1. Cα to Cα, under 20 Å, and not fewer than 8 places away if on the same chain: which lysines meet these conditions relative to B:Lys135?
2. Search the structure for amide H atoms under 5 Å from the amide H of A:Phe109, placed 1.01 Å from N in the peptide plane, and list their residues when 5 or more places away or on another chain.
3. How big, on average over all directions, is the shadow cast by the Cα convex hull of region A:151-206, in nm²?
4. State, to one decimal in nm, how far the label point of A:Ser12 lies from the label point of B:Ala45, with both points 7 Å from Cα in the Cβ direction.
5. Normalised by the number of residues in chain B, what is the relative contact order in percent for Cα pairs under 8 Å and 6+ residues apart?
6. Roll a 1.4 Å probe over the protein heavy atoms and report the accessible area of B:Ser105 in Å², nearest 10.
7. Label-to-label distances across copies for B:Gln61, with labels 7 Å out along Cα→Cβ, in nm, shortest first?
8. Spin-label point model (7 Å from Cα, Cβ direction): what's the A:Phe69 to A:Thr144 distance in nm?
Protein chains: 2
Amino acid sequence: MNNQDIPDIIISRLPIYLRALRLMQAVGKQTTSSQELGEAVGISAAQIRKDLSQFGEFGKQGTGYDIAFLIDQLRGILKVERVWDVAVVGMGDMGHALSRYQGFSDRGFRVVMVFDNDPAKIGGQVGQFVVRDMKELVTAIQETGIKLAMLCVPASAAQEVTNLLVKAGVKAILNYAPINLSVPEGIRVQYLDPSIGLQRMTYYMG
Amino acid sequence: MNNQDIPDIIISRLPIYLRALRLMQAVGKQTTSSQELGEAVGISAAQIRKDLSQFGEFGKQGTGYDIAFLIDQLRGILKVERVWDVAVVGMGDMGHALSRYQGFSDRGFRVVMVFDNDPAKIGGQVGQFVVRDMKELVTAIQETGIKLAMLCVPASAAQEVTNLLVKAGVKAILNYAPINLSVPEGIRVQYLDPSIGLQRMTYYMG
């Protein structure tokens, strides 16, 4: 299957389906339908069937989807049947929270390294990690082959740190800094700016 | 202008334009073009012109956009020319980080109240706030008329707390809990789950 053939909007829904299926599995359910999954995620049953059909035939007419099987398929498609190492850069409140976040363990990710440039923080402990000097970032990431980073530095430093991450071989950045990043072709960025999330909603408010 | 007429995908891009324009203004720029703005946000100039044209004529042929004027217009459209009070529920690491987050102040939001249900946390200080008992949530939010909340409780508690927020009159929830929420018509939810952000990117990785 060619990655380029499937619209990103479909890819963006697969993790949401996966999360909902994992929650169903956690409460002991074994099968589900596109209707039921749709109600769980707020997406129409028809859209779910159409999205999943891009990748194969996962359900059976009448009996629906086997949850464990569909989870395996989605984990394979999203490449999270393995565990990805992640670096966290910037040990402010948000970097702290992400370094200690318990929600990655069974979703395909683990934080393995944290960085800051503040001498008062370097060498200190955050969760299970010793904060490393940003000066070591490129070498440390190159040596360990880390491909994912979460960026929690101030907006003013975000592009400069991004350039270092790209130089180090990072291919995907989850950006908490409130600024758009410029990256070379082939590097992916996702943005998690709480103000943007709130502004998307206030538009609709009376 | 009728809110219902404009696709949500367009609304979702306006906060990104606004953020980029604010950064341009911060470095002393006075005018910009759809080309320049497009490069800053990674969206085509044609798309930007099309998006903005939904709301009026903001640019001039040849001279482009007056940044201060366009910022004012976008703040008006997104209803963030005012400051919205926000409650934070759940004082784990993420709730802590958001309660102390400095990035809301000039984006239209301020945290005014924080809640937890843990007796060890209730009454304690987080940033400038005293943590309030979740039992007071409905009354406190009703009395103050808060319409926005950030939800940072565990997935297992998220739906229950959401029901309380809706009961209290909250109209928009920024959800950090890794679970889809069920809300009545007219209530908006935006999701900021870091694992989902990462999974959207690993799909594309070799």
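1. Leaving aside lysines fewer than 8 places away in the same chain, those within reach of B:Lys135 are B:Lys121, B:Lys147, B:Lys167, B:Lys171.
2. Long-range HN contacts for A:Phe109: A:Trp84.
3. Mean projected area for region A:151-206: 4.2 nm², to one decimal.
4. 2.5
5. Working: 275 pairs, mean separation 27.6, N = 206.
Across chain B, relative contact order equals 13 percent.
6. About 90 Å², ignoring ligands and nucleic acids.
7. 5.8
8. 3.9
The values are calculated or read from the model by the stated rules, or taken from the named source; none is laboratory data. Please read these numbers as outputs of a predicted model, since none were measured by experiment. No Cβ is skipped: glycine too gets one built from the backbone with ideal geometry, and neighbour counts run over all protein chains shown. Side chains included, ligands, DNA and RNA excluded: accessible areas come from the protein's heavy atoms. Shrake-Rupley method; radii C 1.70, N 1.55, O 1.52, S 1.80 Å.
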